[in-house]
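Right, one structure below, let's go through it.
The values are calculated or read from the model by the stated rules, or taken from the named source; none is laboratory data. Since this is a predicted model, take the numbers as computed values, not measurements. Here the Cβ positions follow ideal geometry from the backbone for every residue, glycine too, while neighbour counts run over all protein chains shown. Surface accessibility is based on the protein's heavy atoms, side chains included, excluding ligands, DNA and RNA. Shrake-Rupley method; radii C 1.70, N 1.55, O 1.52, S 1.80 Å.
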Amino acid sequence: MIEVAVAFGIAKAAVAGVKEAIALGHEIQECYHDIAKFFDAQGEVEAAIVEQKATKATAQKSSTAEALDAVFAARQMKKLEQELKEMLIYNSGNESGLYEEMCARRSEIVQARKNAIEDAARAERLRLAAIARRKQERIDKIQLWLTVVVGATASAAIIYCIWWMFNWKDH
């Protein structure tokens, strides 16, 4: 996993690249790779922040330093995205609605990924439940057969004892 500061640096450089390209008179469509780098880096920053929340504190950094890095990066990423949004809106020429369309598509992709993760988790839970059910069925069958065997043996022993009580004097 990439560190927050590294991903933030990549995002900042990508926005600077877009600004420079626009200042040189390039179309926003020509900045596709820089825009894509920004959003890749933004995803990495978000993932790193989530990972920091999930993992235990390390001896390398204090909790406060990690929290400060995460908050600083998140706020700066919002500012950078706002700058990029304005560049996409005001410098897209005849491509009006580019940013809104991109955000709508991003939401669809995020939702599809969440659904895929939920479906995979649901399938795993169903698989584990099926395994547990089969295991319980095997245990139940073993218990049933054990009960039958023990019951039959006990019944045979009782029947033999009764038979022996009535026939013990004959021998």
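Couple of notes before you dig in:
- Taking other residues whose beta carbon is less than 10 angstrom from the beta carbon of Ile49, and scoring Lys, Arg as +1 and Asp, Glu as -1, yields -4.
- The orientation-averaged projection of the convex hull spanning the C-alpha atoms of segment 1-92 amounts to 5.7 square nanometres.
- Whole-percent carbon and sulfur share, accessible surface of segment 8-148, 1.4 Å: 58 percent
- Packing rank of 144-154, 13-23, where each peptide gets the mean count of other beta carbons within 10 Å, highest leading: 13-23, 144-154
- Taken over the chain, lysine pairs spaced eight or more positions apart, or on distinct chains, with alpha carbons under 21 Å apart number 14.
- Axis angle, to the nearest 10 degrees, between helix 98-167 and the longest C-alpha principal axis of the chain: 10 degrees.
- Choice from Lys114, Lys12, Lys135 showing the highest fluctuation, given a GNM over the chain with Cα pairs closer than 10 Å: Lys135
- The C-alpha atoms of the chain define a longest principal axis, and helix 63-90 lies at about 50 degrees to it.
- Across the protein chains, with a 1.4 Å probe defining accessible surface, the residues Asp119, Asp34, Asp40 rank Asp40, Asp119, Asp34 from largest area downward.
- Cα-based helix-to-principal-axis angle, 32-54 vs the chain, degrees rounded to 10: 40 degrees
- Summing charges over neighbours of Lys12, with a neighbour being any other residue whose Cβ is under 12 Å away from its Cβ, gives 0 when K and R count +1 and D and E count -1.
- Each helix, a run of at least 4 DSSP H residues, gives -39500 (n - 2.57); summed and divided by the residues of the chain, these come to -30000 deg cm²/dmol at 222 nm.
- With R₀ fixed at 22 Å, the C-beta to C-beta distance from Lys78 to Phe39 puts the FRET efficiency at about 0.95.
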